[in-house]
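Contents: one structure, followed by commentary.
Values quoted throughout were computed directly from the atomic coordinates according to the rules given, and no laboratory measurement underlies them. Since this is a predicted model, take the numbers as computed values, not measurements. When we count neighbours, we look across all protein chains shown, and the Cβ atoms used for this are built from the backbone with ideal geometry, even at glycine.
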């Protein structure tokens, strides 16, 4: 299950998918094996029935995706998106 709207205020998975699609070339070349999971967890957050809110991506997953993909993005004149700021994500195992 997933919960919409997501943190980017996308109302539907289709709407979120249009934004995620811009990352598809990076997913295809596998600049990071974590990128696909990270994007899914950010744009279509996991929802568990007896947990009160969607589960966010972990900071470490974001950092691994960014470490693999940001250098390649910079080669083509792009920066890691501000809305995917790893520092704003929770550290695995720490309470939110």
**Study point:** Contacts under 8 angstrom Cβ, first residue in region 4-15 being touching a residue at least 12 places away in the same chain (Cβ under 8 Å), partner surrounded by fewer than 13 Cβ atoms within 10 Å (Cβ to Cβ), 6 or more apart
**Key:** 4/11; 4/12; 8/83
Practice item. Could you list, in sequence order, all residues of region 26-52 that are surrounded by fewer than 13 Cβ atoms within 10 Å (Cβ to Cβ) and either under 20 Å from residue 74 (Cβ atoms) or in contact with a helix residue (DSSP H, G or I) (Cβ under 7 Å, 6 or more places away or on another chain) (or both)? Key: 28, 29, 30, 33
Revision key, fill the gap. Within region 71-96, the residues that are surrounded by 16 or more Cβ atoms within 10 Å (Cβ to Cβ) and part of a helix (DSSP H, G or I) are 73, 84, 86
Exercise for review: Check region 38-50 and report whether any residue there is farther than 21 Å from residue 94 by Cα and either touching a strand residue (DSSP E or B) at 6+ places or on another chain (Cβ under 8 Å) or part of a strand (DSSP E or B) (or both).
Suggested key: yes
Review point. What tally of residues in region 39-70 results from selecting those that are farther than 20 Å from residue 10 by Cα and touching a residue at least 40 places away in the same chain (Cβ under 8 Å)?
Key: 2
Review point. Just for region 6-25: of the residues that are within 12 Å of the chain's Cα centre (by Cα) and not in a helix (DSSP H, G or I), which one is surrounded by the most Cβ atoms within 10 Å (Cβ to Cβ)?
Key: 6
